[in-house]
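The values are calculated or read from the model by the stated rules, or taken from the named source; none is laboratory data. The model shown is predicted, which means the values in this text are computed figures rather than measured ones. Cβ coordinates were reconstructed from backbone atoms using ideal geometry, including for glycine residues, and neighbour counts include every protein chain displayed.
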Amino acid sequence: MPTIEEKNKAGKGLAFDFPSDWHAVKYDQDAEPATSEPAGFYRSIILSEGVQQVRGMDIVCRLPGEPVRLQLIEIKDERERDPATNVAVRHEELRQTVLRKTLGTLASLLLAERLGDGSLRPMACLSQQPAIEVILFLEEPLLPPQRSTTLRKTVEKDRANLLDQKLTAKLRQWGIPFFLYDIDKRQPALWTVRDLQP
């Protein structure tokens with residue numbers, strides 16, 4: 001079973017467990033000096049020599065079977081976000097981030113296919129016109145007890161729904177389905193997520 005971990009500097013984060021017949025890569029993989037693992041295609045080729053403003057998703061998956069199907073997954077573990085953060089502004093930033101990363105990842109997969117990059121071979125298949133899904137896995141902080149009223153919970157839920165609706169509408173214009181998931185309320189059906197609390 002392919003497992004991809006997304007951790008912060010303190011070692012906290014999430015583990016994504018995919019079915020054994022899936023191809024899944026940590027697309028924005030940094031080099032790991034401790035294990036001598038090189039950086040992935042995105043960091044070593046796309047961002048090399050000072051290229052800026054090209055963004056990439058966290059995970060790219062190719063599902064088994066035909067027709068070809070890809071999932072582009074962006075992970076935002078914001079459980080430690082400052083409670084004073086303006087959630088509406090943060091959600092707009094997330095919307096823009098997901099859209100930029102979708103375009104950047106698709107362009108990068110096209111280049112990986114043209115270059116015959118071995119690390120992305122199963123996923124670098126845009127010439128086959130794969131079905132593509134974009135997923136935002138968003139973990140947000142719990143409301144502090146003093147702010148955890150029924151009205152406040154409803155407002156926070158409405159903000160998440162609004163983010164979901166905006167991304168769904170924009171990506172639908174591009175012919176790409178969008179899904180918003182989290183650990184508790186909106187769990188993915190095809191793979192699982194575990195908390196990596198140290």
Inset, instruction - Look through region 43-54, keep the residues that are part of a loop (DSSP other than H, G, I, E, B) and not β-branched (Val, Ile, Thr), and return whichever of them is surrounded by the most Cβ atoms within 10 Å (Cβ to Cβ). - result: Leu47
Legend entry - Residues satisfying the stated conditions in region 40-66, i.e. at pLDDT 90 or above and not aliphatic (A, V, I, L, M): Gly56, Asp58, Cys61, Arg62, Pro64
Inset, instruction - Might you let me know whether region 108-119 holds any residue that is assigned to a helix (DSSP H, G or I), under 18 Å from the mean Cα position of the chain (by Cα) and either more than 26 Å from Glu5 (Cβ to Cβ) or at pLDDT 90 or above (or both)? - result: yes
Inset, instruction - Determine if region 64-78 includes at least one residue that is outside any loop (DSSP other than H, G, I, E, B), of a type outside the set (Asp, Glu), farther than 15 Å from Trp191 by Cβ and out of contact with any Phe, Trp or Tyr (no Cβ under 6 Å at 6 or more places or on another chain). - result: yes
Inset, instruction - Kindly indicate whether any position in region 73-80 is surrounded by 12 or more Cβ atoms within 10 Å (Cβ to Cβ) and farther than 20 Å from Ala160 by Cα. - result: no
Inset, instruction - State yes or no: is Glu113 buried (at least 17 other Cβ atoms within 10 Å of the Cβ), of a type in the set (D, E, K, R) and without any contact (Cβ under 8 Å) to a residue 24 or more places away in the chain? - result: yes
Inset, instruction - Test each condition in (1) among the acidic types (Asp, Glu); (2) over 17 Å from Leu120 (Cα atoms); (3) exposed (fewer than 12 other Cβ atoms within 10 Å of the Cβ) for Asp17 and report the one that comes out false. - result: (3)
Legend entry - Candidates Ser36, Ser20, filtered to the one that is at pLDDT 80 or above, of a type in the set (Gly, Ala, Ser) and farther than 19 Å from Leu103 by Cβ: Ser20
Inset, instruction - Being among the aliphatic types (A, V, I, L, M), without any contact (Cβ under 8 Å) to a residue 60 or more places away in the chain and not in a loop (DSSP other than H, G, I, E, B) narrows it down to one of Ala34, Ala24, so name that one. - result: Ala24
Legend entry - Filtered residue count, region 55-71, keeping only those that are in contact (Cβ under 8 Å) with a residue 40 or more places away in the chain, of a type outside the set (Lys, Arg), over 16 Å from Pro2 (Cβ atoms) and surrounded by fewer than 23 Cβ atoms within 10 Å (Cβ to Cβ): 2
Legend entry - The listed residue being crowded, with 17+ Cβ neighbours inside 10 Å, in a loop (DSSP other than H, G, I, E, B) and either touching a Cys at 6+ places or on another chain (Cβ under 8 Å) or not β-branched (Val, Ile, Thr) (or both), out of Ala124, Ala39: Ala124
Inset, instruction - Could you please let me know if Ser119 is farther than 22 Å from Phe16 by Cα, of a type in the set (Ser, Thr, Tyr) and out of contact with any Leu (no Cβ under 7 Å at 6 or more places or on another chain)? - result: no
Legend entry - Flag for Glu78 being within 19 Å of Gly175 (Cβ to Cβ) and acidic (Asp, Glu): no
